[in-house]
Structures are given as structure tokens and as C-alpha cells.
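Contents: one structure, followed by commentary.
The values are calculated or read from the model by the stated rules, or taken from the named source; none is laboratory data. Given the structure is predicted, the values throughout are model-derived calculations rather than measurements. In this analysis, Cβ positions are derived from the backbone assuming ideal geometry, glycine residues included, and neighbour counts consider all displayed protein chains. Ligands, DNA and RNA are stripped out before the accessible areas are found, and what is left, the full protein with its side chains, is counted by its heavy atoms. Shrake-Rupley method; radii C 1.70, N 1.55, O 1.52, S 1.80 Å.
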Amino acid sequence: MLLGVVVLLTLGVPQIEITERVDIFALPYLNDNLYLMMAMSGVFGTLRVIGAVAMARNRLWGFALSLFNCGSTLVLMIFLLPPGLVDGLLTGSALVLMLSGWLQGRAIVDEPRMSVKPESAVDSLT
């Protein structure tokens, strides 16, 4: 979207021409500030790329940045309906993949360990 706003600004297309013909977002405020929304998507995209590169280099801060990006996107997607639905599906998938890779097959609760062996309990009864 960031490239789109650069092209539209270079061509001199006024924002009002786009928003008069189509409602992109459910909230009128977002439709009225479409070019700012497109520029903001470039910021989110840049942060996602930085987090992905850091995760590829096995950096924990990249993982934390990516988790924060996924969380904030899932919270904000409700305001960006209807296009936010696709973003939410992709972000939710990325979040599940990151968490499953990090936590792998760990159990929520460890298996309870018995302090007394079953054989010794039977022996003490006889």
C-alpha cells in the first residue's frame, strides 16, 4: 500500500476522487484519511520485515517484535473492516506458526511425579 500512495501522490490523484467512488473501510474517519492509512501500512510492513529478518538470524528481539506486531494487528483489525479480515487471517496464521515453533511440544502442566514407588506401597501393606 505504501507504493500505492507514492504512485497516487506522484500522479496527483486527489484522495477525494477515490473515497467518493468506494467505501474501503467501515469507519468514515479511515476513508477520509485513506492516504495516511496507506502510509501507515508501510510502517507496519517495515516493522514486519525487520522482525522477520531478526527472527531468521535467531534474535529474540525479532521474535518479540513480531509477537507485538501480530498482537497489535489482531487488536486493530476490527477497525479496518472489511479488508482487516484477510489481514487477521494471515496475522493469526503467522502467530500460530511462531508460537508453535517457539513452544513446540511442551506440555501446559508437567506430568505429576509420584514420590513413592508403587511397589514399595504394596510391600508396606503386606
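General observations
- Cα-based shape type of the stretch 1-97, given that a ≥ b ≥ c are square roots of the gyration tensor eigenvalues and the cut on a/c is 1.5: oblate
- Accessible carbon and sulfur surface of the stretch 16-86 relative to its total accessible area, %, 1.4 Å: 73 percent
- Residue 41-residue 110 pseudo-label distance in nm [points 7 Å out on the Cα-to-Cβ vector]: 4.8 nm
- Each label was represented as a point 7 Å from its Cα along the Cα-to-Cβ direction; for residue 68 and residue 6 these points are 2.5 nm apart.
- Sites residue 103 and residue 76 - FRET efficiency at Förster radius 25 Å, r taken between beta-carbons, to 0.05: 0.50
- The stretch 32-76: C-alpha gyration tensor shape, a/c 1.5 cut-off, then a/b vs b/c: oblate
- Overall form of the stretch 48-117 per C-alpha gyration tensor (a/c, 1.5; a/b vs b/c): oblate
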